[in-house]
1. Normalized C-alpha radius of gyration of the range 244-368, against 2.2 N^0.38 Å?
2. When the dipole is taken about the Cα centre of the chain, and only Lys, Arg (+1) and Asp, Glu (-1) are charged at their Cβ, what size is it in debye, to the nearest 20?
3. Quick one: if the Förster radius is 41 Å, what FRET efficiency do ASP376 and LYS285 give, using the C-beta to C-beta distance and rounding to 0.05?
4. Taking a 32 Å limit on the Cα-Cα distance, which of the listed pairs LYS80/LYS116; LYS38/LYS81; LYS116/LYS189; LYS204/LYS224; LYS18/LYS38; LYS81/LYS116 fall beyond it?
5. Please compute the modelled spin-label separation between ASN348 and SER309, points set 7 Å along Cα→Cβ, answer in nm with one decimal.
6. Return, for the Cα atoms of the chain, the radius of gyration and Dmax in Å, separated by a comma.
7. At what distance in nm do the modelled label points of PHE59 and MET145 sit from each other, each positioned 7 Å from its Cα along Cα→Cβ?
8. Based on the Cβ-Cβ distance of ASP340 and GLU408, what FRET efficiency does E = 1/(1 + (r/R0)^6) give at R0 = 51 Å, to the nearest 0.05?
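Every read-out reported here was derived from the displayed coordinates using simple, explicitly stated rules and does not represent laboratory data. Computed from a prediction, not measured in an experiment: that's the story for all the values here. Cβ: placed from backbone, ideal geometry, glycine included. Neighbour counts: every protein chain shown.
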Amino acid sequence: MTCPDTCKNATGRLCDVKDGSCNQGCTDNYYRQFCNRKCPDTCKNATGRLCDVFNGSCFNGCDDSFYGTDCNMTCPETCKKAIDRLCDVIVGSYNEGCVDNYYGQFCNMACPDTCKNATDRLCDVIDGSCYEGCVDIYYGQFCNMTCPDTCKNATGRLCDVFNGSCSNGCDDSFYGTDCNMTCPETCNKAIDRVCDVIDGSCNKGCADNYYGQFCNVTCPDTCKNATGRLCDVIGGSFSNGCVDNYYGQVCNMTCSDTCKNAIGRLCDVIVGSYNEGCVDNYYGKFCNMTCPDTCKNATGRMCDVIDGSCLNGCADNYYGQFCNMTCPDTCKNATGRLCDVIDGSCLNGCVDNYYGQCCNMTCPDTCKNATGSVCDVMDGSCLNGCGDSYYGTECNMMCPNTCYNTTERVCDVFNGSCSQGCVHSYFGSHCDMMCPNTCSNIADMPSCHSESGTCLAVRIYSSA
């Protein structure tokens, strides 16, 4: 076998005697062990070898339109032309950028066709964002979002190129920044706009049965019906009053069922107070209070419709305007009433130990006890006199302790004078004066006269 003619010529053998591999390497355009592989014709031409003798990689890089280790990959035709290379010799990324309608590292992505046309580039060479904005109905960095079809139509742009908000407002039935919300169908229809373009509030008022800023609240069905509006368009208060059994600004409160029935309304349409009075056992402005059950029963009303005072007097054991006070239990019992219906004074006197108009005072315990009443029912004076040691109308004064005591009574029951005279050494009607010290004191005998105080016996003094 003949040695390959692509083996490098040198002094001596061209190839190995056993396997034919080239001993001295290969001629400039060939590589591998037997020099049977030709260097890629896309390797950059230079003086000497084109490629590595072992693996065929291009020594001097690739021709301007190729890249890769073996220069076997073509640079993208969308890379921008430059004086020499179109793309990076290793990875194929652009060197000088991309032609006008392409972007990306390898210029393999087309600029969005929604980018606004410009003199040269449509989009950024790195990320593809549109340079000059978007055509009229698109928005966003990449002009990949469509303007809302609810934007108001106008010459030129429909929406903001950055955030998509409608530049000329919304179509008449839509509102909001993106015109993506529909005006309430309960808004009053108008020639142009139905609702506010910002917040959706109804500009021209509401349809007849609705109220509120957004016409989203229904007029109360208790409003009195009339031709046209049922309630106020702002607060929902009635326009024509309430149906007969309801009252209040929005007709949401029911008239009391204790109001007296009448033809038409039961109560005032504003505050709910009665129109025709209350049913028999109720009173007050709103007929919400019950007549006292201590009022004397009678046919018809028991109490006054305004203040609840009893019209026909009180039950037997009660008194006062409202019959809310009980007759004193010290009143003398009798058939029928115990006390006066107005002031509670006892009509039949008091039980034995009490006195006063209302029998609320106790007879003095110094009155002389006897069967029956102890003291006068009016003024409390003792009827049977006083206990032995007391005197006075009310027996509230004690007999002097200087009175001479021989019987039960110590002093006069009316004026307190000592009935039996005085003890030794005292004189006077009340024994409140002392005998002169010149009087002699004799056992069991007074020293002086009980009335005049003159000595009954004279003390004799011995002379020195």
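1. Numbers: Rg = 21.2 Å, N = 125, 2.2 N^0.38 = 13.8 Å.
The reported ratio for this selection is 1.54.
2. On the way: 30 positive and 55 negative charges, 226 e Å.
For this selection, approximately 1080 debye.
3. On the way: r = 49 Å, r/R0 = 1.19.
It comes to 0.25.
4. Working: LYS80/LYS116 21 Å; LYS38/LYS81 29 Å; LYS116/LYS189 39 Å; LYS204/LYS224 24 Å; LYS18/LYS38 23 Å; LYS81/LYS116 24 Å.
As for pairs spanning more than 32 Å Cα to Cα, those are LYS116/LYS189.
5. Output for this residue pair reads 2.8 nm.
6. 65.0, 202
7. About 5.8 nm separates the two model spin labels.
8. Numbers: r = 42 Å, r/R0 = 0.82.
That pair, ASP340 with GLU408, gives E of 0.75.
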